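Right, one structure below, let's go through it.
The values are calculated or read from the model by the stated rules, or taken from the named source; none is laboratory data. The model shown is predicted, which means the values in this text are computed figures rather than measured ones. Surface areas here come from the heavy atoms of the whole protein model, side chains and all, with no ligands, DNA or RNA. Shrake-Rupley method; radii C 1.70, N 1.55, O 1.52, S 1.80 Å.
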Amino acid sequence: MSLPPLDYSFQFLNSISEAHNEVPRGGLHKLKYDKETGRIHTKAIRFSNNNIITSGGLINFVNSMLYLPEMLSWLDLSFNKLNAVEKDITHFKNLIILYLHGNDIKSFSEVGKLSVLLNLSSITLHGNPLELENGYRHRVLGLLPQLHKLDFSCVTKLDKEIVKQWKTKSSKI
């Protein structure tokens, strides 16, 4: 059984904590609420297309809204105003898919913070200023070698070989 995402996209939110005061968007399938706790059965949350500048408050929000918060595996923070990767994101060790495209992330060091998410297999970062840096794709893959997809594109054997060569070359310098 596939559970629908908790969807707060297009809500004009300035912060994640503001979502507590909003009604999530409806979808094809109704959200399933736990009868005892009132929390939602889902593994996915959408906060896309808002004005969120920080992921602060995400841990508290997820813990208060999701029946099994530790099972969050898909998070969409695309098209916001994020410029950093904060601990609120890296707290969720079962994240598999993370959408951060269309934000304001400028530094590869911010991407490197995601290396603690060992289950992360797909991430989007296109549309951030760091995408314009030389070697963008392979630098991201060097920081997050567990990825299978970057910006909706599969990581190839050639990508892995280029990263391997780049790392070998960098270590000799």
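Kindly provide the helix-only [θ] at 222 nm of the chain, computed as the sum of -39,500 (n - 2.57) over DSSP H runs of four or more divided by all residues, to the nearest 500 deg cm²/dmol? Please report the intermediate quantities before stating the final value.
Numbers: 5 runs with 41 residues, N = 173.
Computed ellipticity for the chain at 222 nm equals -6500 deg cm²/dmol.
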Check your understanding: What label, among (1) 18.8, 59; (2) 17.0, 60; (3) 20.4, 70, belongs to Rg and Dmax of the Cα atoms in Å computed from the structure on display?
Key -> (2)
Study note, to complete from the structure: On the accessible surface of the chain, probed at 1.4 Å with all protein chains in place, carbon and sulfur together account for a percent value of 55
Check your understanding: Solvent-accessible area per residue for the stretch 96-173 at a 1.4 Å probe radius, Å²?
Key -> 56
